[in-house]
Amino acid sequence: MDDKVKDLLDRIRGTASVAADAAADTARVAGKKAGQMVDVAKLNVQLFDLNGDYNEVMRQLGQVMYDTHKGQAPEGDPVTQLLIKADELAEKIAEVKARIADLRQAQTCPACGAPCGKGDKFCRTCGQAL
Ligand SMILES: [Zn+2]
């Protein structure tokens with residue numbers, strides 16, 4: 001690994017706590033927005049869009065990494081912004097997935113993690129009492 005990419009990775013590690021704080025704020029907003037949507041189909045469309053945005057941020061991060069390796073480091077600090085955006089999108093994706101599971105009245109088995117119906121008394125996969 002060359003020094004420029006190593007420096008970049010060091011800076012990425014340095015952004016971890018800042019990005020986490022920003023993501024916590026965004027998650028609260030995302031929760032409210034998702035709470036207004038009641039339709040699973042709409043949530044699935046939202047999830048599809050969020051996954052697309054997330055993949056685009058990952059692509060851009062990879063591009064910055066490779067440009068840095070090639071000695072063409074971008075001006076400013078796009079990495080921090082991209083990492084914050086990635087955290088925001090990951091939180092939103094988790095929120096929408098949880099909302100979809102909730103609307104489908106699903107619960108997760110605490111023992112094996114299998115999806116179960118809300119009214120189930122025992123896990124259909126492992127038999128754990130729910
Ligand atoms: Zn189970």
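Please treat every number below as a calculation from the coordinates, not as lab data. As the structure is a computational prediction, the values presented were derived from the model and not from experiment. All Cβ positions, glycine included, derive from the backbone under ideal geometry; neighbour counts span all protein chains shown.
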Please list, ordered by chain and number, the residues whose modelled amide H lies under 5 Å from the amide H of LEU130; skip anything fewer than 5 residues away on the same chain. PHE122, CYS123
Ranking GLU75, GLU88 by Cβ neighbours within 10 Å, fewest first, what do you get? GLU75, GLU88
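Compute the signed sum of charges (Lys and Arg +1, Asp and Glu -1) over the other residues within less than 13 Å, Cβ to Cβ, of ALA86.
Numbers: positive: ARG59, LYS85, LYS92; negative: ASP53, GLU56, ASP87, GLU88, GLU91.
Local charge sum for ALA86: -2.
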Here is the link list: LYS42/LYS118; LYS4/LYS92; LYS4/LYS85. Which ones come out longer than 30 Å on Cα distance? LYS4/LYS92
